[in-house]
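Here's the structure we're looking at; comments come further down.
The numbers here are math on the coordinates, done by the rules we state, and not lab data. This one's a predicted model, so the numbers in the text were calculated from it and none came from an experiment. Here Cβ is always computed from backbone atoms with ideal geometry, including for glycine, and neighbour counts include all displayed protein chains.
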Amino acid sequence: MRTSLKLIILVCFCIASCKPTPSGKLPADSFYTDTGDFDMARIPLIKPYEATVPATGNQDWIVVSTDTSVVPLTIPGTKEVRVVKDIILVHSKNTALDYQPIKEAWFVILRAKRKVKGFKSHQEHLTLIKQMGLPYEPELYRMSDVFDYFDRYGYINWKKM
């Protein structure tokens, strides 16, 4: 009886400690599964781009590039984000655009070209999205929702969010 009870508890513990994944598999590259350090949380976007936030309770996410071979990218004040194919879409408030402070901006990161395009107006942002062949503006996700998804599944499947 005691052995059966211990076995049941062990099985329940194993099941509870496993993170469910939408596809059943985690990505092989640890960039997409690393949650950050003790003093900073992170969300992987497309390698080498990630969003980070200090573990101090500050909710100001920053999109950065981990590639040190180029000028580092920093988009402070990130409120919403979305990855579509090889493109990262970012909406930020109280951020910087062309090294100038601005209340609100939209960014398109083209990973393959290593280019970042920033816009003061949402309309300019939409124009570029249409020029890139996207028929409509994809819904951007709040950073808290993206982090919750990443925390739950251990990686982000942008198609299933």
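Numbers for the structure displayed
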item: Stokes-Einstein diffusion coefficient of the stretch 26-153, Kirkwood radius over Cα pairs, 10 °C, 1.306 mPa s, in µm²/s; result: 106
item: Residues in the stretch 75-94 that a label on Gln131 would reach, taking backbone N under 20 Å of a point 7 Å out along Cα→Cβ; result: 84-92
item: Radius 10 Å from Cβ of Ala55, net charge of other residues (Lys, Arg +1; Asp, Glu -1); result: -2
item: Extension gain from Asp60 to Asp145, taking 0.36 nm per residue of separation minus the Cα-Cα distance; result: 29.2 nm
item: Exceeding the 20 Å Cα-Cα cut-off - candidates Lys120/Lys159; Lys85/Lys159; Lys85/Lys130; Lys47/Lys113; Lys79/Lys117; result: Lys120/Lys159
item: Built amide H within the under 5 Å cut-off of Leu73, gap 5+; result: Ser65
item: Linear extension gain, Asp39 paired with Glu124, 0.36 nm per residue minus alpha-carbon span; result: 27.0 nm
